[in-house]
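**Student:** Dropping the structure in here first, questions after.
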Amino acid sequence: QQWQMNVGVSEDNGLFSCSIWRPQGKSYLFFTQFKAEVKGAKIEYAMAYSQAAVGAQNDIPLKQEEFEITETTVSHREGKFRFELSKLLVVAKTPRDEL
């Protein structure tokens, strides 16, 4: 199954983003779990989707109870995740040194 990954950094190098998704929209894989972790930064925003946008269709997010976000991880929630994942997006902020 084909997946894509994209990593980006803001102009000031303060934020970075990582997207992993299935370009065909929906995955036929049965996921029992998932977890993405960042090191050296804190997650500002994260979202998991059961279907990625394709054609005229939009991304379809997982329900909030299906996954959890901490300062450094986004992962499935045991017993709540419905085994469908087609896209994961994480935006994290790097710590700034004060002058």
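**Student:** Pairs of alpha-carbon atoms within less than 8 angstrom and 6+ residues apart define the contacts here; what relative contact order does the chain have, in percent?
**Tutor:** Across the chain, relative contact order equals 36 percent.
**Student:** Moving to a separate point now. Rounded, prolate or oblate, given the Cα gyration tensor of segment 4-93, with a/c below 1.5 counting as rounded?
**Tutor:** Oblate is the answer for segment 4-93, as a/c is 1.5 or above yet b/c matches or exceeds a/b.
**Student:** Using a 10 Å cut-off on Cβ atoms, rank the peptides 60-68, 35-43 from the highest mean neighbour count down.
**Tutor:** So the peptides 60-68, 35-43, ranked by packing, come out 60-68, 35-43.
**Student:** Moving on. Enumerate the amide H contacts of residue 34 below 5 Å, restricted to partners 5 or more residues apart or on another chain; note that Pro and chain-start residues carry no placed amide H.
**Tutor:** Under 5 Å from the amide H of residue 34: 76.
**Student:** Residues of segment 70-87 with amide nitrogen under 16 Å from the 7 Å Cα-to-Cβ point of residue 29?
**Tutor:** 75-76, 82-87
**Student:** Kindly state, to the nearest 0.05, the FRET efficiency for residue 80 paired with residue 12, given R0 = 22 Å and r defined as their beta-carbon distance.
**Tutor:** Values: r = 37 Å, r/R0 = 1.67.
Calculated transfer efficiency: 0.05.
**Student:** Across segment 4-93, how many lysine pairs separated by 8 or more positions, or lying on different chains, have Cα atoms within less than 24 Å?
**Tutor:** Within segment 4-93, the lysine pair count is 15.
**Student:** Right, something else. Considering only protein heavy atoms and a probe of 1.4 Å, how much of the accessible area of segment 1-76 is carbon and sulfur, as a whole percent?
**Tutor:** Carbon and sulfur atoms account for 51 percent of the accessible area of segment 1-76.
**Student:** In whole Hz and in residue order, list the ³J(HN,Hα) couplings for segment 29-37 that follow from phi through the Karplus curve 6.51 cos²θ - 1.76 cosθ + 1.60, θ = phi - 60°; x for Gly and Pro.
**Tutor:** So the J values, rounded to whole Hz, are 6, 9, 8, 8, 6, 7, 7, 10, 10.
**Student:** Taking only protein heavy atoms and a 1.4 Å probe, what accessible area per residue, in Å², does the chain have with all protein chains in place?
**Tutor:** Normalised by residue count, the accessible surface of the chain is 67 Å².
**Student:** Then there's this: Sort 80-90, 15-25 by the packing proxy (mean of other Cβ within 10 Å over each peptide's residues), most packed first.
**Tutor:** Going by the mean number of other Cβ atoms within 10 Å, highest first, we get 80-90, 15-25.
The values are calculated or read from the model by the stated rules, or taken from the named source; none is laboratory data. Not measured: the values here are computed from a predicted model. Ideal geometry is used to build each Cβ from the backbone, glycine not excepted, and the neighbour counts take in all protein chains shown. Surface accessibility is based on the protein's heavy atoms, side chains included, excluding ligands, DNA and RNA. Shrake-Rupley method; radii C 1.70, N 1.55, O 1.52, S 1.80 Å.
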